[in-house]
1. Within the group 108, 102, 82, which residue is under 15 Å from the mean Cα position of the chain (by Cα) and assigned to a helix (DSSP H, G or I)?
2. Quick test of your reading of the structure: residue 159 fulfils all but one of (1) closer than 30 Å to residue 268 by Cβ; (2) more than 14 Å from the chain's Cα centre (by Cα); (3) in contact (Cβ under 8 Å) with a residue 60 or more places away in the chain. Name the failing condition by number.
3. Here are 253, 208: which of them is in contact with a strand residue (DSSP E or B) (Cβ under 8 Å, 6 or more places away or on another chain), in contact (Cβ under 8 Å) with a residue 40 or more places away in the chain and buried (at least 21 other Cβ atoms within 10 Å of the Cβ)?
4. Looking at 163, 153, 177, can you tell me which residue is within 24 Å of residue 277 (Cβ to Cβ) and either in contact with a strand residue (DSSP E or B) (Cβ under 7 Å, 6 or more places away or on another chain) or at pLDDT below 75 (or both)?
5. Which condition does residue 262 not pass, out of (1) touching a strand residue (DSSP E or B) at 6+ places or on another chain (Cβ under 8 Å); (2) modelled with pLDDT of 85 or more, if it passes all the others?
6. How about the stretch 182-195: which of its residues are more than 17 Å from residue 213 (Cα to Cα) and crowded, with 17+ Cβ neighbours inside 10 Å?
7. I want to confirm something. Restricting to the stretch 228-247 and keeping residues that are within 28 Å of residue 127 (Cβ to Cβ) and over 17 Å from the mean Cα position of the chain (by Cα), which single residue is surrounded by the fewest Cβ atoms within 10 Å (Cβ to Cβ)?
């Protein structure tokens with residue numbers, strides 16, 4: 001089944017219809033969320049519904065979609081086989097998984113197999129759908145615009161590099177300014193890096209940076225932007241975070257650092273400083289200004305378990321702050 005509707009002016013090619021394949025059992029939750037979302041969008045969109053696992057791959061070949069939403073319950077009892085078939089049929093097309101909360105482990109496995117993101121059915125609505133779809137399209141467009149996807153990635157950590165962050169965060173800022181969203185910029189600085197490099201060598205310093213990248217990847221959503229912009233320096237852009245987002249994310253990071261620092265046999269403690277800036281559509285601050293201010297805020301050293309949330313530093317063996 002195929003229908004034509006309106007969708008974002010930020011599609012990869014605004015001159016043609018944005019082709020979206022919805023693979024779910026009947027016109028269900030995902031289709032209803034799209035029906036709520038697309039009247040507010042700008043250029044034409046073609047929605048195609050695949051209602052059985054057997055028609056999924058032939059539909060991909062016929063439609064050649066720009067994005068694919070796959071409901072794992074459509075593919076039961078072999079959901080991962082269906083994910084691999086979709087990835088084989090459309091390896092460069094953003095794939096977003098829809099799963100029941102009880103099947104979250106399969107959604108995570110699908111991401112490991114190459115899906116870009118997943119949504120749990122309890123949280124599917126027009127807002128969450130727009131967030132993951134826009135993120136998927138922007139990342140696909142940025143990768144296509146580069147000579148190769150590696151141009152926007154940091155080879156050491158696998159996160160975006162400074163160029164990748166600039167491209168994608170700039171688009172997020174423009175979109176949020178237009179639709180009235182909020183953005184949270186966090187700057188994370190590892191303060192022991194130079195000491196570790198001098199005492200334990202380059203490989204130990206690189207392991208530390210990869211460890212920080214893994215911790216950040218586990219805390220933030222896949223739709224948030226994470227970048228390793230230079231040695232010891234990371235920046236995150238979290239969408240729709242709100243004022244309560246920064247303290248919550250700092251607390252999660254503090255807990256993870258505490259767990260890592262208490263691990264047996266650890267050679268050196270993890271200790272980072274964090275600076276953050278919340279941006280709303282009423283602000284005229286540029287991305288460069290936000291990054292500069294959040295980086296400056298990360299430079300203020302305070303006690304690790306003190307009242308200042310801008311710093312997260314846990315010496316080895318200390319419990320995480322409450």
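The values are calculated or read from the model by the stated rules, or taken from the named source; none is laboratory data. Please read all numbers here as calculations on a predicted model, not as lab measurements. Every residue, glycine among them, receives a Cβ derived from its backbone with ideal geometry; neighbour counts consider all protein chains shown.
1. Working: 102 fails: under 15 Å from the mean Cα position of the chain (by Cα); 82 fails: under 15 Å from the mean Cα position of the chain (by Cα).
None of the other options fit; the residue is 108.
2. With respect to (1) closer than 30 Å to residue 268 by Cβ; (2) more than 14 Å from the chain's Cα centre (by Cα); (3) in contact (Cβ under 8 Å) with a residue 60 or more places away in the chain, residue 159 is out only on (2).
3. On the way: 208 fails: buried (at least 21 other Cβ atoms within 10 Å of the Cβ).
Of the residues listed, the single one that is in contact with a strand residue (DSSP E or B) (Cβ under 8 Å, 6 or more places away or on another chain), in contact (Cβ under 8 Å) with a residue 40 or more places away in the chain and buried (at least 21 other Cβ atoms within 10 Å of the Cβ) is 253.
4. 177
5. For residue 262, the exception is condition (1).
6. Result: 182, 183, 184.
7. Keep residues of the stretch 228-247 that are within 28 Å of residue 127 (Cβ to Cβ), which gives 234-247.
When the remaining residues are screened for being over 17 Å from the mean Cα position of the chain (by Cα), the result is 243-244, 247.
Values: 243: 10, 244: 8, 247: 11.
Selected residue: 244.
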